[in-house]
1. Could you please give the count of residues in the stretch 71-116 that are charged (D, E, K, R) and free of Cβ contacts under 8 Å to residues at least 60 places away in the same chain?
2. Can you tell me how many residues in the stretch 13-60 are part of a loop (DSSP other than H, G, I, E, B), farther than 15 Å from Leu99 by Cβ and either among the aromatic types (Phe, Trp, Tyr) or over 14 Å from the mean Cα position of the chain (by Cα) (or both)?
3. Would you confirm, using the coordinates I've provided, whether Ala44 is out of contact with any Phe, Trp or Tyr (no Cβ under 9 Å at 6 or more places or on another chain), surrounded by fewer than 13 Cβ atoms within 10 Å (Cβ to Cβ) and among the aliphatic types (A, V, I, L, M)?
4. Looking at Arg46, Arg19, which one is of a type in the set (D, E, K, R) and touching a residue at least 40 places away in the same chain (Cβ under 8 Å)?
5. Report whether or not Gly121 is over 21 Å from Lys12 (Cα atoms), outside any helix (DSSP H, G or I), in contact (Cβ under 8 Å) with a residue 24 or more places away in the chain and out of contact with any His (no Cβ under 7 Å at 6 or more places or on another chain).
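No lab work stands behind these numbers, since they all come straight from the coordinates. Source: prediction; values computed, not measured. Please note: Cβ atoms are built from the backbone with ideal geometry, for glycine as well, and neighbour counts cover all protein chains shown.
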Amino acid sequence: MEQQNVFYATGKRKMAVARTWLKPGKGEIIINNKPVEEFFAQDAARQMLMQPFELTNTTGEYDIKVNVRGGGAMGQAGAIRHGITKALFQSNPDFRQMLKKAGLVKRDPRTKERKKYGQRGARARFQFSKR
C-alpha cells in the first residue's frame, strides 16, 4: 500500500504485531496515538526501535505511525523495529543489504514454548516424591 510516499509494513516479534506507516517528515514517532516517550518508559525499548534509522543514517527523516498490540513491552518494541525495517527498504531498496547484515530483516522466530499436560510448565515437572 503505497500512496504519496507512505510506506506500510507489518512487523512481528513473539506475540506482538505492529502495523507501521512511514512517511517523509521530521522524525515524529506516534505509537497507539501516544508519543514514543509516553508509550515506552524503558530507554532500551526506544533504542531498539531506533536501530534501523541509526544504521541507515535516516534519523529524523521519517514520521512514523504505529498500531501495536499483543505481547509485552520488549516484544512490541521488537515488532515495531521489524515493521520499520521492512518499511525502510520499501522506501529505498539500497537499505536492504545493510539492514540484512545487521540481522533486522528476518523475523525473530523465538516464541514461548507451550505448557505440556501432566507437567507444571513447558519443561518443568511436578515435584516427584518417592515416599
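1. Within the stretch 71-116, the first condition is being charged (D, E, K, R), and the residues that meet it are 81, 86, 94, 96, 100-101, 106-108, 110, 112-116.
Going one step further and asking which of them are free of Cβ contacts under 8 Å to residues at least 60 places away in the same chain, we end up with 94, 96, 100-101, 106, 113-116.
Total meeting the criteria: 9.
2. First pass over the stretch 13-60, keeping only residues part of a loop (DSSP other than H, G, I, E, B): 14-15, 25-28, 32-33, 40-42, 57-60.
Still in the running and farther than 15 Å from Leu99 by Cβ: 14-15, 25-28, 32-33, 40-42, 60.
When the remaining residues are screened for being either among the aromatic types (Phe, Trp, Tyr) or over 14 Å from the mean Cα position of the chain (by Cα) (or both), the result is 25-28, 33, 40-42, 60.
Qualifying residue count, the stretch 13-60: 9.
3. In short, yes.
4. From the options Arg46, Arg19, the qualifying one is Arg19.
5. Against the criterion (over 21 Å from Lys12 (Cα atoms), outside any helix (DSSP H, G or I), in contact (Cβ under 8 Å) with a residue 24 or more places away in the chain and out of contact with any His (no Cβ under 7 Å at 6 or more places or on another chain)), Gly121 does not qualify.
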